[in-house]
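Let me begin by presenting the structure, written as structure tokens, before commenting on it.
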Protein chains: 2
Amino acid sequence: MSLIVQKFGGSSVKDSEHLFNVAKIVTDKYKEGNDVVVVVSAQGDTTDDLIEKAQEINGNKSASKREMDMLLAAGEQISISLLAMAIQKLGCPSVSLLGWQAGFKTTSAHTSARIRKVDTLRIKKELDSRKIVVVAGFQGLSRYDDVTTLGRGGSDTSAVAIAAAMHADLCQIYTDVEGVYTADPRKVSGAIKLPEISYDEMLELATLGAQVLNNRSVEMAKKYNIELEVLSSLTKKPGTIVKEKPKMEKMLISGVAKDTNVTRISVTCIPDKPGLAFKMFSKLSARDINVDIILQSIGRNNTKDITFTVPKDKGTEAVEIVKNFADSIGAGEVIYDDNIAKVSIVGAGMETHAGVASKMFEALYDRQINIQMISTSEIKVSVLIDKRDADLAVEAIHDKFFPDND
Amino acid sequence: MSLIVQKFGGSSVKDSEHLFNVAKIVTDKYKEGNDVVVVVSAQGDTTDDLIEKAQEINGNKSASKREMDMLLAAGEQISISLLAMAIQKLGCPSVSLLGWQAGFKTTSAHTSARIRKVDTLRIKKELDSRKIVVVAGFQGLSRYDDVTTLGRGGSDTSAVAIAAAMHADLCQIYTDVEGVYTADPRKVSGAIKLPEISYDEMLELATLGAQVLNNRSVEMAKKYNIELEVLSSLTKKPGTIVKEKPKMEKMLISGVAKDTNVTRISVTCIPDKPGLAFKMFSKLSARDINVDIILQSIGRNNTKDITFTVPKDKGTEAVEIVKNFADSIGAGEVIYDDNIAKVSIVGAGMETHAGVASKMFEALYDRQINIQMISTSEIKVSVLIDKRDADLAVEAIHDKFFPDND
């Protein structure tokens, strides 16, 4: 008998038909003799509908984050109770638990709280009485007894956190794709489903917009060595296993990913004093804005130009912070551009094989795609290009590395 | 400075426009220097929509009551957070609290839990920091840390419970009517709004289907001597004050009410042994079915016939219980009828004035309305009549007692 954590996203539970489909998957695993904990997101568009209700009240201004969390947490409350009912209807005992009931203790950073720990007492009690436990993903409780949410994609993290806290044997993340592909299968016809992938590779792909798994969930899975399986709730096919050491494939790279959620910001004529760049980036970091590719160049009159990227949804906020800072130190212009895309290749094989980056650049050169910025790490090469060229770039790079799969 | 508890029903918060109307009423009271606790129900049709979702899963069978509570409690979670946002938008600090956060400890009778106590620590803490506290009505937490609901109309009870626990100066129940009337003002043109009414009279009116206030809330208000005001959230007019000793009005009765939520059940030929009737009624009571008017008559061959009424929504359940019992004791038929209505007059004046009942019967006789059963108490006379005659009966009785108000 194993303990299995299964996570289903909003599209997998969007109506009663889908709920019964999920209930079937869950009860099948249960009937094999396993203990099953199910983590679910809010149904379909519920979260967006609730956000719209808040916007009707607040206009364009954002509402109190505490109240937004209170509002949004209602979404999973609906889906967990309905799923528990569907499981009961299929003849298996089931109980639904809210984030706080399932023991999720989080920081009090509303709308983007981090899990501090999971007190699994209640979950264990329910499993002991052979119930299928349905847990609200995405939500927890702060030390002030306020409802918090983990931010978009937080349900993946909830699932992995339970799996880690309970030493689960497997954590299955059900999505609307069949696994992790070498490129987006809806865009690139030759995309190959990977049977296995390492945490680090998955992490780069998640961060880079492959969007199959939330990156915090992969980080957590890596930290606690939880084996993840990414698979589809609609087909019965095996998915992709994410683990520490996947069995070696002869592939140089494991995927090509595109990320259009990028804004590029440039600050010109920064006085050449030590610590100024550090100060600017710490101001952004204080507001939870992650800075990605950074490029520094020499400007005119003993000044520097700094260019970097931030997530597009933080773009306006970042530009404001940077403008204020630039004014305060007597720097030049602040220029930003969000018509850009980041295209990346990821692969553990890179570490031992030279020439991977140049092969990627060659693919782009062949299609006359201009590279604006480059960033590399041990298992990743990213380039910043014009957004219009993004899909073409992904296809060109994929064809170069996987020539036989069209 | 006073502590005021205000309660708003689902229709008062059904959309953003109504939410702002409520926020205005609340912030006006707050700006006068009062501490304000607001109790709200789920928005408009939310509860019905959620019930429909559950029915899609469960067909006609009723779902697990625990899961129904989990599902329905999401309704107030949405309305409290939106109202807190609206209050903040109007410039006042506000915080929303779920039933369990507001300290509502209830029994574990899911879907119809009773409040055991209210731990007001959190509410007090928020009031101390001069916040308007918005509390989810209708919901609480069982000793097993499960979300419970108090049943329909439970938000009134939530409001009175907070008022009682906090020794509030006033508890205002905002509804879509302007107060308590001598009859339903939508049906009877001469209906008069009462400035004041006693708990006992209100209790009879609530029980008898005047439906302005939930009867449990009035019972609780009476027990803790909380002054209630029933008023409209849409007009600025004063409502009706419900209190222990209203200033004496020269009215014989304070209202005429109609209740069509009634099923009449008759059991024929019950063997004449002591205790059989008691056993039957205790079986109903064990299932939380309230028996109202009871009539016993002599049947054939040394047997008895017993006729009584139960709420219509419990009718099917009651008939089943009674049939089983009748079979087990060798009684005769079980007959039921739900095409009936109970029409009642209520008034503390009755105690000291003779002839009130006969005046009522005369009014019915004048219109040729047949009385099937009669029940009286110190401040109430109820008759059971054909449902078709209900509106006519109310009007006839009202005209008789309030002849000058058409």
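The values are calculated or read from the model by the stated rules, or taken from the named source; none is laboratory data. From a predicted model like this one, the values you see are computed outputs, not experimental measurements. Because the Cβ atoms are built from the backbone with ideal geometry, glycine has one as well, and the counts that use them run over all protein chains shown. Just the protein is used for accessible areas: all its heavy atoms, side chains included, with ligands, DNA and RNA removed. Shrake-Rupley method; radii C 1.70, N 1.55, O 1.52, S 1.80 Å.
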Percent antiparallel among DSSP beta bridges confined to the protein assembly as shown, nearest 5, equals 60
What residue in chain B has the Cβ closest to the axis turning B into A, and how close is it in whole Å? B:Ala74, 2
With the crude spin-label approximation of a point 7 Å out along Cα→Cβ, what separation in nm comes out for B:Glu244 versus B:Lys187? 3.4
List the distances, in nm and shortest first, from the label point of A:Lys125 to the matching label points in every other copy, placing each point 7 Å from Cα along the Cα-to-Cβ direction. 2.2
Buried area at the A-B interface (accessible, heavy atoms, 1.4 Å probe, summed, Å²): 3300
Can you classify region A:1-140 as rounded, prolate or oblate using the Cα gyration tensor, where a ≥ b ≥ c are the square roots of its eigenvalues, rounded means a/c under 1.5, and otherwise it's prolate if a/b beats b/c and oblate if not? oblate
Sorted largest first, extent of chain A alpha carbons per principal axis (Å): 75, 53, 34
Could you give the semi-axes, largest first, of the ellipsoid that matches the protein assembly as shown, computed as the square roots of 5 times the alpha carbon gyration tensor eigenvalues and rounded to whole Å? 64, 33, 20
Over 21 Å between Cα atoms: which of A:Lys222/A:Lys312; A:Lys89/B:Lys65; A:Lys314/A:Lys380; B:Lys273/B:Lys323 fall into that group? A:Lys222/A:Lys312; A:Lys314/A:Lys380
Positive-end residue, region B:35-174 charge dipole about Cα centroid, Cβ charges, pick of B:Val135, B:Tyr174, B:Ala74: B:Val135
First obtain the Kirkwood hydrodynamic radius of region B:262-406 from its Cα pairs, then insert it into the Stokes-Einstein equation at 4 °C and 1.567 mPa s, and state the resulting D in µm² per second as a whole number. 78
Please list the non-local residues whose amide H lies under 5 Å from the amide H of A:Thr148, H modeled 1.01 Å from N, same-chain partners needing a gap of 5 or more. A:Gly140, A:Leu141, A:Ser142
Karplus-derived HN-Hα couplings along region A:358-366 (A = 6.51, B = -1.76, C = 1.60, θ = phi - 60°), whole Hz, x at Gly and Pro: 5, 5, 5, 4, 4, 4, 6, 4, 3
Would you pull out the residues with amide H under 5 Å of B:Val38's amide H, same chain only if 5 or more places away, H placed 1.01 Å from N? B:Gln6, B:Val133, B:Val134, B:Val135
What distance in nm lies between label points placed 7 Å from Cα along the C-beta direction at B:Glu17 and B:Leu121? 4.4
Comparing the chain by itself with all protein chains present, which residues of region B:42-74 are at least 50 Å² less accessible (probe 1.4 Å)? B:Lys53, B:Ile57, B:Glu67, B:Met70, B:Leu71
Rolling a 1.4 Å sphere over the protein heavy atoms, what is the accessible area per residue of region B:157-244, to the nearest Å²? 39
Two-site label geometry, A:Gln372 and A:Thr352: point separation in nm, points 7 Å out along Cα→Cβ: 3.7
Can you list, shortest first and in nm, the gaps between the label point of B:Pro271 and those of its counterparts in the other copies, using a point 7 Å from Cα in the C-beta direction? 10.6
Label spacing, shortest first and in nm, from B:Lys283 to its equivalents in the remaining copies (7 angstrom along Cα→Cβ): 8.0
Which FRET efficiency, nearest 0.05, do A:Thr303 and A:Met1 yield, Cβ-Cβ r, R0 56 Å? 0.25
At R0 = 30 Å, how high is the FRET efficiency between B:Lys223 and B:Arg130 if r is their beta carbon distance? Nearest 0.05 is fine. 0.50
With charges only on Cβ, +1 for K and R and -1 for D and E, what is the dipole size of chain B about its Cα centre, in debye, rounded to 20? 960
The percentage of the accessible area of the protein assembly as shown (probe 1.4 Å, all protein chains present) made up of carbon and sulfur atoms, to the nearest whole number, is 47
How much FRET efficiency would the formula 1/(1 + (r/R0)^6) give for A:Glu317 and B:Asp145, where r is the Cβ-Cβ distance and R0 is 30 Å, rounded to 0.05? 0.20
If a/c stays under 1.5 just call it rounded; otherwise compare a/b with b/c (prolate if a/b is bigger, oblate if not). Do that for region B:122-262, with a ≥ b ≥ c from the square roots of the Cα gyration tensor eigenvalues. prolate
Could you derive backbone 3J(HN,Hα) for region A:45-56 from the dihedral phi with the Karplus parameters 6.51, -1.76 and 1.60 (θ = phi - 60°), listing whole Hz in sequence and x where the residue is Gly or Pro? 8, 3, 4, 5, 4, 5, 4, 4, 4, 5, 5, 4
